[in-house]
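This report refers to the structure that appears directly beneath it.
The values are calculated or read from the model by the stated rules, or taken from the named source; none is laboratory data. Keep in mind the model is a prediction, meaning the values are calculated, not measured. Methodologically, a virtual Cβ is constructed for each residue, glycine included, from the backbone with ideal geometry; neighbour enumeration extends over all protein chains shown. Accessible surface areas use protein heavy atoms only, side chains included; no ligands, DNA or RNA. Shrake-Rupley method; radii C 1.70, N 1.55, O 1.52, S 1.80 Å.
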Amino acid sequence: MPFTDQPPLDRARAAFLAHFARPPRLVAAAPGRVNLIGEHTDYNDGFVLPIAIDRRTVVCIDWSLDSTTHIHAADLNASVDLPALNSLRPDPSLSLDADAARIRTGSWVSYAAGVLANLAAALPTLAARGVDLTIASSVPLGSGLSSSASLEVAVATAAAALVGASISPRDLAALCRDAEHRFAGVPCGIMDQYIAAMGRHDHALLIACRTQAAELVAMPGADRAEVVVMDSRVKHALASGQYAERRDTCRAACRVMGIDSLRDASPELLALHAPGARSPAALSPVEHARARHIISENARTLAAAQALRAGDLEEVGRLMLASHSSLRDDYQVSCPELDTLVDLAAQVPGVFGARMTGGGFGGCAIALATPDAAERLARDIPAAYRARHTLPRGTDARVFVTTACDGARVIA
Ligand code: GLA
């Protein structure tokens, strides 16, 4: 998605006027996210500590005039017309346009259509009437900042408000995650949709993914530390297949250890089932390494939340670096570009810590840094990164400071 200087609100509104010849009835927005720590733990019933960021997807909406749903994605300059929303079905085959109700799994439409289909199942007026909808976003697409969850949650917030339905943020997040599973074909955890729906200004959210209980943890003041996002501008093709593979390996490790989820594993249980151990059942070396990451990452996430509460940013930074090493070595979801960004950042005085964030295999790394160090990262990282990696022509690492923001809202 191209970065333009025009805010997404203006782009989405202008697109609505241009396509539907009237202003929208409602406008909603939902943010992207970075995860401070707790990676690949959400689908293992573990702990995560994300913040919503100041990049967002904006959705303009009104009832449609002809009961067909019309969606226009301003950033892609692409449009689609959909029949009754309760007739939509995901279609994993690549056949396009065979039947307008069949939504190609993983296409850009699948994210919005999946959410609308799920909402229409609960809200019959939506299915009967259809909507006109435009989308614009400042969350860079495919950068690991949850552009998809921000799109899903923005669409859900806009459509629910249009119908006048009050859906709790937690239910909204669950509905969006279900759409991502079934329509987009991504077996994600709950973190991204949850923080897009429930983010809070100046706070991180410690989410216990098993119960979905969440606790606000105050972020340090901007005079002490800032969150710096470093976008590698690469996305390795194996990302989605590897994600599903990690989920499967974690499940296999649970079966070996006789537990329901890795949230129930401990270092002691892991030792009992170590490869080659004379226990009832031994883990393969890969299962062992994956489980070790989840167990240690859950402990680090709880410790990081505690350190953040105590204002101990050195400790938060140390845990972030340890998280990155574990993701690189045990979970093996980092890549040379992310390792470089973390290495470069960690060498700068005033950087407390750095790590990859999100699913991995490209996308973004983050650093927690003093304001001076944050400035230096923004200035120096792109050239230092370019010196180590060949990037596609015209691209460069993108480095920006972000703050913890509120979750989804109706904004007009
Ligand atoms: C992606 C998924 C999340 C989570 C992260 C890894 O962002 O959408 O649910 O699993 O990867 O922590």
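Working carefully through the options 207, 259, find the one that is within 14 Å of the ligand (Cβ to nearest atom) and among the β-branched types (Val, Ile, Thr). Talk me through it step by step, then tell me what you get.
Numbers: 259 fails: within 14 Å of the ligand (Cβ to nearest atom).
Of the residues listed, the single one that is within 14 Å of the ligand (Cβ to nearest atom) and among the β-branched types (Val, Ile, Thr) is 207.
Within region 372-390, how many residues turn out to be touching an Asp or Glu at 6+ places or on another chain (Cβ under 7 Å) and in contact (Cβ under 8 Å) with a residue 12 or more places away in the chain?
The qualifying residues number 3.
If residue 349 satisfies all but one of (1) open to solvent by 40 Å² or more (accessible area, probe 1.4 Å); (2) of a type outside the set (Gly, Ala, Ser); (3) without any contact (Cβ under 8 Å) to a residue 24 or more places away in the chain, what's the number of the condition it fails?
Answer for residue 349: the failing condition is (3).
Hey, residue 356 hits all of (1) out of contact with any Ser or Thr (no Cβ under 6 Å at 6 or more places or on another chain); (2) open to solvent by less than 20 Å² (accessible area, probe 1.4 Å) but one; which does it fall short on?
(1)
I need the helices (runs of 4 or more DSSP H) fully contained in region 273-392, keeping only those with at least 1 residues that are within 20 Å of the chain's Cα centre (by Cα), acidic (Asp, Glu) and within 24 Å of residue 247 (Cα to Cα).
Of the helices (runs of 4 or more DSSP H) lying wholly inside region 273-392, those with at least 1 residues that are within 20 Å of the chain's Cα centre (by Cα), acidic (Asp, Glu) and within 24 Å of residue 247 (Cα to Cα) span 285-309, 336-346.
Quick check on region 16-50: of everything there that is aliphatic (A, V, I, L, M) and within 14 Å of the ligand (Cβ to nearest atom), which residue is nearest to residue 130 (Cα to Cα)?
Top of the filtered list is 34.
Which of the residues belonging to region 67-89 are among the hydroxyl-bearing types (Ser, Thr, Tyr) and either open to solvent by 10 Å² or more (accessible area, probe 1.4 Å) or within 16 Å of the ligand (Cβ to nearest atom) (or both)?
67, 68, 79, 87
Can you go through 153, 115 and tell me which one is within 16 Å of the ligand (Cβ to nearest atom), open to solvent by less than 40 Å² (accessible area, probe 1.4 Å) and over 23 Å from residue 35 (Cα atoms)?
Only one candidate qualifies: 115.
Between a first residue in region 286-309 that is more than 13 Å from residue 44 (Cα to Cα) and open to solvent by 40 Å² or more (accessible area, probe 1.4 Å) and a second residue that is modelled with pLDDT of 95 or more and hydroxyl-bearing (Ser, Thr, Tyr), which pairs have beta carbons less than 8 Å apart while being 6 or more apart in sequence or on different chains?
286/249
Consider region 359-412. How many of its residues are on the phi > 0 side of the Ramachandran plot, out of contact with any Cys (no Cβ under 8 Å at 6 or more places or on another chain) and open to solvent by 10 Å² or more (accessible area, probe 1.4 Å)?
1
Condition check: among the polar types (S, T, N, Q), more than 16 Å from the ligand (Cβ to nearest atom), within 29 Å of residue 251 (Cβ to Cβ) and more than 18 Å from the chain's Cα centre (by Cα). Does residue 64 satisfy that?
When the stated conditions are applied, residue 64 does not pass them.
Check region 193-201 and report whether any residue there is within 13 Å of residue 53 (Cα to Cα), within 15 Å of the chain's Cα centre (by Cα) and open to solvent by 40 Å² or more (accessible area, probe 1.4 Å).
Checked region 193-201: at least one residue is within 13 Å of residue 53 (Cα to Cα), within 15 Å of the chain's Cα centre (by Cα) and open to solvent by 40 Å² or more (accessible area, probe 1.4 Å).
Assuming residue 57 fulfils every condition listed in (1) within 27 Å of residue 188 (Cα to Cα); (2) more than 16 Å from the ligand (Cβ to nearest atom) apart from one, which condition is it?
With respect to (1) within 27 Å of residue 188 (Cα to Cα); (2) more than 16 Å from the ligand (Cβ to nearest atom), residue 57 is out only on (2).
When region 25-46 is examined, which residues are found to be over 12 Å from the mean Cα position of the chain (by Cα) and surrounded by fewer than 24 Cβ atoms within 10 Å (Cβ to Cβ)?
Answer for region 25-46, where residues must be over 12 Å from the mean Cα position of the chain (by Cα) and surrounded by fewer than 24 Cβ atoms within 10 Å (Cβ to Cβ): 25, 26, 27, 43, 45.
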